[in-house]
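All remarks here apply to the structure that follows.
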């Protein structure tokens, strides 16, 4: 796992990895703690490929559980990747609602993630 600092104020951690980082709620908390400790950031950008695919199946409740934990700890998260492969209407609605909020974003580029996280 590689963490780089992004943003004008250097307050956004961009986490990159060749392997899965978030596989369950505990691994999401571990990531949050690592980023807070090592980078001192409360805003995280992560590639979609570093998150287990079950996260994007809302019936598993994994996304809701993880995002609730991040909300409780005041962590903002942007997930970078392509979402056109998903046909689930509930997932599309979830992504739409998240992108219109101020805590979680599903974006296609790192620069868009930095822009959104810089505004909140």
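Observations
- Three principal axis lengths of the stretch 59-120 [C-alpha, angstrom, descending]: 30, 26, 16
- Among [x] 45; [y] 39; [z] 16, the entry derived from the coordinates for percent of Cα pairs over 24 Å apart: [z]
- Helix 89-99 axis, angle to the chain major axis (alpha carbon atoms, nearest 10°): 30 degrees
- Dividing the helix sum by the residues of the chain, where each DSSP H run of 4 or more adds -39500 (n - 2.57), gives a mean residue ellipticity at 222 nm of -12000 deg cm²/dmol.
- DSSP beta bridge pairing in the stretch 2-119, given as percent antiparallel to the nearest 5: 25 percent
- Result for the chain in a Gaussian network model with C-alpha springs under 10 Å: among 100, 11, 24, the largest mean-square fluctuation is at 100.
- Springs join every pair of Cα atoms under 10 Å in this Gaussian network model of the chain, and among 80, 107, 52 the largest mean-square fluctuation is at 52.
- The chain: most fluctuating residue of 84, 19, 27 per GNM, C-alpha cutoff 10 Å: 84
- Chain lengthening between residue 73 and residue 102 when straightened (0.36 nm per residue, less Cα-Cα): 9.0 nm
Computed from the coordinates by the stated procedures, all read-outs in this text should not be read as laboratory data. Keep in mind that what you see is a predicted model, and the values were worked out from it rather than measured.
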